[in-house]
1. Out of the stretch 421-465, which residues are within 17 Å of ARG362 (Cα to Cα), in a loop (DSSP other than H, G, I, E, B) and modelled with pLDDT under 80?
2. Say whether the condition of being in contact with an Asp or Glu (Cβ under 7 Å, 6 or more places away or on another chain), in a strand (DSSP E or B) and farther than 14 Å from CYS455 by Cβ is met by at least one residue in the stretch 370-378.
3. Does VAL395 fit the bill of being crowded, with 16+ Cβ neighbours inside 10 Å and at pLDDT 95 or above?
4. Looking at the stretch 170-181, can you tell me whether even one residue there is surrounded by 12 or more Cβ atoms within 10 Å (Cβ to Cβ) and out of contact with any helix residue (DSSP H, G or I) (no Cβ under 7 Å at 6 or more places or on another chain)?
5. Would you mind stating whether PHE121 is out of contact with any Cys (no Cβ under 8 Å at 6 or more places or on another chain), surrounded by fewer than 17 Cβ atoms within 10 Å (Cβ to Cβ), aromatic (Phe, Trp, Tyr) and assigned by TED's automatic domain parsing to the domain that holds LEU54?
6. Only one of ALA107, ALA80, ALA135 is among the small types (Gly, Ala, Ser), farther than 22 Å from LEU60 by Cβ and either buried (at least 20 other Cβ atoms within 10 Å of the Cβ) or at pLDDT 90 or above (or both); which?
7. Which residues, counting only those in the stretch 253-279, are more than 18 Å from THR293 (Cα to Cα) and either modelled with pLDDT under 75 or in contact with a Cys (Cβ under 9 Å, 6 or more places away or on another chain) (or both)?
8. Taking LEU364 as the residue in question, decide whether it is assigned by TED's automatic domain parsing to the domain that holds GLY453, surrounded by 17 or more Cβ atoms within 10 Å (Cβ to Cβ) and free of Cβ contacts under 8 Å to residues at least 60 places away in the same chain.
Amino acid sequence: MPGSLRFRLPALFLLGIVLAGVVAAAISLRLFQTYTRTQSVQELRREASGLSQLYADAALRAADEGSAAIDFAASKLELATGDRIFYIGASLFPGQDSGLPRLAESAVPSRVSALRETVTFEFTPPGSGRPYLAASAPVRLEPESDALGAIIVAKPRTELRDQWLPLVGRLAAAFAVGAVLSGLLSWWLSRRITGPVLALSGAADEIADGNYAVRVPVSQGGDEISHLAERFNEMAARLAATEERERQFLMSVSHELRTPLTAIKGHVDALRDGLVADPELVQASLDVVAAETVRLERLVGDVLDLAKLNAHRFTVHAQEVHMGALVEQAYATFGEEARRREIDYRLSGTDEAPTIVTDGDRVLQVISNLLANAFRWTPDGGLIELAAAAAGGRVAVEVRDSGPGIQPAERERIFVPFISRDTTGTGLGLPIARELAVALGGQIELESDVGRGSCFRLVLPAVRP
């Protein structure tokens, strides 16, 4: 197809070769024309100078010895040289015929008739009808004497054309062969280049249609095309993984939403149908509905937070935050649960904690999520420590528990949304905590000893106000 890359690429390549060939041929032809003209001019000047000296010597002998004019005719000289010979000026052999065709001074340029130097010029001899390239040389009997006349040696300009005209045919033949070879080479190169590109284009169409399993072959050689194919395959794999995560996300959200909704619907139906009449049972049902509503509200809020973080639409509201007071606030939130479950709940380092610039509400949310995870996995009567520290331009908040610990294979998986190790959680607390930490310019570090407990550490940059 004329509009396809496979057609345009060799066409442009061939066009470039053709243009380069035309320019090179034109330059070569011009250089050859200049060369042949220069050679012809030099040859004409040598012949004119030689004939001028020959006739000057003959005229001098005739004047000194009274001898006759030289006995060779100009026609013989023309036959020997292949050029036309003319003469302008005074007679070289008074009373005798030199045999040279004479020209009127008006037939040649004035600088020729001035008889001062050897001159190259173009003119049209009388009766010829075609232009000639000529050279004139003054005839002097003595080196310092005035010239009697000038010998003119000329050749038709058509002879110059006849010298370079065969070159045009050779250049045309070479150009045609080069164009054919260039066309074949450009076609082969276009196949090599556009083949992978067309494969990428087809694979992109497949991905646009939702087929993320498509892959393109990667050629050997490590060039840009193979690198592009590798990156394309990586992109397709990531899209496939993203689609799978989205599918799992929707399934998990649906499941998590259905659980509290089912409980709420069951108790509401029982109350509406009058199946529960005992005031205590009615109150118990209402308590369940309220608890499941809170759970549902928390789940929806967590999902919205996670969606904003993943879409990079999360806004940090920076303000001055005293980390000691913030940690104490988070600590107090879980004080009642610790007392009820007889957990040894400890707090340290708040007095030395600095004031930094960050989003206090989001930092509190991260610490609360880490504490909620610690209380979920710490058995009654266990130990939970909350500590703050600052060093090396960073602020760290540690949540250490005496729970069962986390297996090495699970330490990255627990930060994946909806992956929970028990049936009571949503699996969103730790993923949201880590994403919030990253959004705040920090990170969450994890240390765990299986059978003895875990330590989650929130690390933030200590940006001073």
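1. Quick first cut of the stretch 421-465, residues within 17 Å of ARG362 (Cα to Cα) only: 428-444, 456-463.
Then drop every residue that is not in a loop (DSSP other than H, G, I, E, B), which leaves 428, 440-442, 462-463.
Across the stretch 421-465, the qualifying residues are LEU428, VAL463.
2. no
3. It is false that VAL395 is crowded, with 16+ Cβ neighbours inside 10 Å and at pLDDT 95 or above.
4. If we filter the stretch 170-181 for residues that are surrounded by 12 or more Cβ atoms within 10 Å (Cβ to Cβ), which is where we start, we get 171, 174-175, 178-179.
After this cut, where a residue has to be out of contact with any helix residue (DSSP H, G or I) (no Cβ under 7 Å at 6 or more places or on another chain) as well, the list is 174.
Yes, the conditions are met somewhere in the stretch 170-181.
5. Working: out of contact with any Cys (no Cβ under 8 Å at 6 or more places or on another chain): yes; surrounded by fewer than 17 Cβ atoms within 10 Å (Cβ to Cβ): yes; aromatic (Phe, Trp, Tyr): yes; assigned by TED's automatic domain parsing to the domain that holds LEU54: yes.
So PHE121 passes the test.
6. Criteria check complete, one pass: ALA135.
7. Residues satisfying the conditions are VAL276, ALA277.
8. Values: assigned by TED's automatic domain parsing to the domain that holds GLY453: yes; surrounded by 17 or more Cβ atoms within 10 Å (Cβ to Cβ): no; free of Cβ contacts under 8 Å to residues at least 60 places away in the same chain: yes.
Here the answer is no, as LEU364 does not meet what is asked.
The values are calculated or read from the model by the stated rules, or taken from the named source; none is laboratory data. Owing to the predicted nature of the structure, the values given are computational and were not obtained by experimental measurement. Note: ideal-geometry Cβ built from the backbone for every residue, glycine included; neighbour counts use all protein chains shown.
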